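Enquirer: Please read through the structure below; I'll follow up with questions.
What follows is calculated from the coordinates using simple rules that are stated; it is not laboratory data. This one's a predicted model, so the numbers in the text were calculated from it and none came from an experiment. Neighbour counts are summed over all protein chains in view; Cβ atoms, including those assigned to glycine, are modelled from backbone coordinates with ideal geometry.
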Amino acid sequence: MKLEYILLGVLLEHPSTGYDLKKFLDMHGRFLRSNTQMSQVYRSLASMEKQGWVGHSVDPRPGAQDAKTYRVTDEGATVFLDWLTGPYHPPTRFQDPDLTVRLSFAGFMSAEQLLRIIDVEIQTRQAEIARYRHRDRRASWAPTIPFDAELAEAMGERLHATGAAAVDTHVATLVGLRKELLDGGLSSRSFTSTPEQSTPAGSH
């Protein structure tokens, strides 16, 4: 997942400084991309500006360093939307953030465009489940240092069960989301919770 797409999406939602973008990636965007450094943000902004995807204005700040506020150009918006609504190719691991990044920018898509992405993801994961769920998981070990084969096998089975439950939950969540989109019932009110039930912004 290219950092530039995330930055374009955030800047299209609200013009921001590089510092604001870094704050977003550290908080709300921490599940979209991990461990993004400030230097990476500024390098990406410089590259995007060189390509004509963003521009900036300078906000004078008396007694402090002037701030650059970045905004997306028409060309940058086209690049972002072409990526967002173009063909979706699911990554090998469903845990990778590619789908989450796209769904995070759902406000720039129609329900039909969202459904196309969700359908591809559901079909891909269901095919993987059918192919790999009951694979032969027997291992042939030949360790050259002390090795507990029984513990290794037990841990492997536990990890398999945990992964199977996780992908099943992933698919079930998307099937439910798909139904809500088709029924026209998806809204932020669907997820209102009490303070005791609420989770940190951006949690998945």
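Enquirer: Top mean-square fluctuation among Tyr19, Tyr132, Tyr70, Gaussian network model of the chain, C-alpha springs under 10 Å?
Expert: Checking each option, the largest mean-square fluctuation is seen for Tyr132.
Enquirer: While we're on this one: Tell me, in nm to one decimal, what length is gained between Leu182 and Glu49 on full extension, where the rule is 0.36 nm per residue of separation less the Cα-Cα distance?
Expert: Details: separation 133, 0.36 × 133 = 47.88 nm, distance 3.88 nm.
Length gained, Leu182 through Glu49: 44.0 nm.
Enquirer: Please sort by residue number the trypsin sites (Lys or Arg not before Pro) in segment 1-77 whose DSSP state is loop and whose Cβ has at most 14 other Cβ atoms within 10 Å.
Expert: On the way: sites: Lys2, Lys22, Lys23, Arg30, Arg33, Arg43, Lys50, Lys68, Arg71; in loops: Lys2, Arg30, Arg33.
Answer by residue number: Lys2.
Enquirer: For every helix of n ≥ 4 consecutive DSSP H residues, a contribution of -39,500 (n - 2.57) applies; sum these over the chain, divide by its total residues, and give [θ] at 222 nm rounded to the nearest 500 deg cm²/dmol.
Expert: When only DSSP H runs of four or more count, the value is -17500 deg cm²/dmol.
Enquirer: How high is the relative contact order of the chain, given as a whole-number percent (alpha carbon pairs under 8 Å, six or more residues apart)?
Expert: 21 percent
Enquirer: So what J values fall out for segment 121-131 if you push phi through Karplus, 6.51 cos²θ - 1.76 cosθ + 1.60 with θ = phi - 60°, rounded to Hz, Gly and Pro as x?
Expert: Along segment 121-131, the couplings run 5, 4, 4, 5, 6, 5, 5, 5, 4, 4, 7 Hz.
Enquirer: Same structure again: Candidates (i) 17.6; (ii) 10.3; (iii) 12.2; which is the computed mean projected area of the Cα convex hull in nm²?
Expert: Among (i) 17.6; (ii) 10.3; (iii) 12.2, the one derived from this structure is (i).
Enquirer: Whose amide H sits under 5 Å from the amide H of Ser16, counting only residues 5 or more places off or on another chain, with H placed in the peptide plane?
Expert: Under 5 Å from the amide H of Ser16 lie the amide H atoms of Tyr70, each far enough along the sequence or on another chain.
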